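> Could you have a look at this structure, given as structure tokens, before my questions?
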Amino acid sequence: MGAASGGARAASMNEAATAKPLSFLCFDFGLKRTGVATGNTVLGQAQPLKTVRAEGDARFVAIEALIREWQPDALVVGVPFHPDGAAHENTLRARRFARQLHGRFRLPVHEVDERYSTTAAAEAGAADLDAAAAAVILDQFLREL
């Protein structure tokens, strides 16, 4: 779990991508809302799905339903940082969320720097900013593969 070094992660994911197409669910974690997007290595692009408006265990019940429906090979979590790259309180929260996903669902979880994802979603005119931000994060991850 966690973010591997960029080159090592890309190399291992490229090897896996040539073996079989991989699908992902991506999460833009927030305390009250978590945006969700899906994507795969066939199309190489993400699509916003929905925003989960739940906290605590209710959030994981909703996520479990999405995992059952979409059957992803792995999960991606956006991790926020300050513009200078420094961690902050939400960085720790997002990383904890990523660990919880891995622990509950036993799927690989990849962390992606999500700085400016909501800004990019807003500039694109997204109706559901949280889900669109998750798609921006997943697009970045898929490009890095």
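The values are calculated or read from the model by the stated rules, or taken from the named source; none is laboratory data. None of these values were measured; they are calculated from a predicted model. Positions of Cβ are generated from backbone atoms using ideal geometry, with glycine treated the same way; all protein chains shown enter the neighbour counts.
> Would you be able to tell me the number of residues in region 98-123 that are hydrophobic (A, V, I, L, M, F, W, C) and closer than 16 Å to residue 39 by Cβ?
Initially, region 98-123 is screened for residues hydrophobic (A, V, I, L, M, F, W, C), giving 98, 101, 105, 107, 109, 112, 120-122.
Now drop any that are not closer than 16 Å to residue 39 by Cβ, which leaves 107, 109, 112, 120-121.
Total satisfying the criteria: 5.
> OK, next. Could you grab me the full set of residues in region 118-145 that are surrounded by 24 or more Cβ atoms within 10 Å (Cβ to Cβ) and among the β-branched types (Val, Ile, Thr)?
136, 137
> Please state which of the following conditions residue 69 fails to meet, knowing it meets all the rest: (1) surrounded by fewer than 17 Cβ atoms within 10 Å (Cβ to Cβ); (2) part of a strand (DSSP E or B); (3) acidic (Asp, Glu).
All conditions are met except number (2).
> When only residues in region 23-49 that are of a type in the set (D, E, K, R) and more than 13 Å from the chain's Cα centre (by Cα) count, which is nearest to residue 131 (Cα to Cα)?
Of the residues in region 23-49, the ones of a type in the set (D, E, K, R) are 28, 32-33.
Of the ones still in play, those that are also more than 13 Å from the chain's Cα centre (by Cα) are 32-33.
Details: 32: 13, 33: 10 Å.
The qualifying residue nearest to residue 131 (Cα to Cα) is 33.
> Taking residue 3 and the conditions (1) touching a strand residue (DSSP E or B) at 6+ places or on another chain (Cβ under 8 Å); (2) at pLDDT 95 or above; (3) not polar (S, T, N, Q), which numbered condition does it fall short on, given that it satisfies the others?
(2)
> Related question: What pairs come up if the first residue lies in region 77-89 and is loosely packed, with under 11 Cβ neighbours inside 10 Å, the second is among the charged types (D, E, K, R) and modelled with pLDDT of 95 or more, and their beta carbons are under 9 Å apart, counting only those six or more places apart or on different chains?
Sorted first by the residue in region 77-89, then by its partner, the pairs are 85/113.
> Going through region 39-58 one residue at a time, which ones are part of a strand (DSSP E or B) and out of contact with any Lys or Arg (no Cβ under 8 Å at 6 or more places or on another chain)?
Initially, region 39-58 is screened for residues part of a strand (DSSP E or B), giving 39-40, 46-52.
Those that are part of a strand (DSSP E or B) and out of contact with any Lys or Arg (no Cβ under 8 Å at 6 or more places or on another chain): 39, 40, 46, 47, 48, 49, 50.
> Taking region 90-113, which residues are over 19 Å from residue 73 (Cα atoms) and either surrounded by fewer than 17 Cβ atoms within 10 Å (Cβ to Cβ) or not basic (Lys, Arg) (or both)? So that I can check it myself, show each step before the final result.
Initially, region 90-113 is screened for residues over 19 Å from residue 73 (Cα atoms), giving 90-96, 113.
Scanning region 90-113 gives 90, 91, 92, 93, 94, 96, 113.
> Go through region 90-102 residue by residue and tally those that are without any contact (Cβ under 8 Å) to a residue 12 or more places away in the chain and either within 16 Å of residue 25 (Cβ to Cβ) or in contact with a helix residue (DSSP H, G or I) (Cβ under 6 Å, 6 or more places away or on another chain) (or both).
0
Residue by residue, here is whether (1) in a helix (DSSP H, G or I); (2) hydroxyl-bearing (Ser, Thr, Tyr); (3) in contact with a Leu (Cβ under 6 Å, 6 or more places away or on another chain) holds:
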{"position": "60", "(1), (2), (3)": "yes, no, no"}
{"position": "64", "(1), (2), (3)": "yes, no, no"}
{"position": "78", "(1), (2), (3)": "no, no, no"}
{"position": "101", "(1), (2), (3)": "yes, no, yes"}
{"position": "121", "(1), (2), (3)": "yes, no, yes"}
{"position": "126", "(1), (2), (3)": "no, no, no"}
{"position": "135", "(1), (2), (3)": "yes, no, no"}
{"position": "142", "(1), (2), (3)": "yes, no, no"}
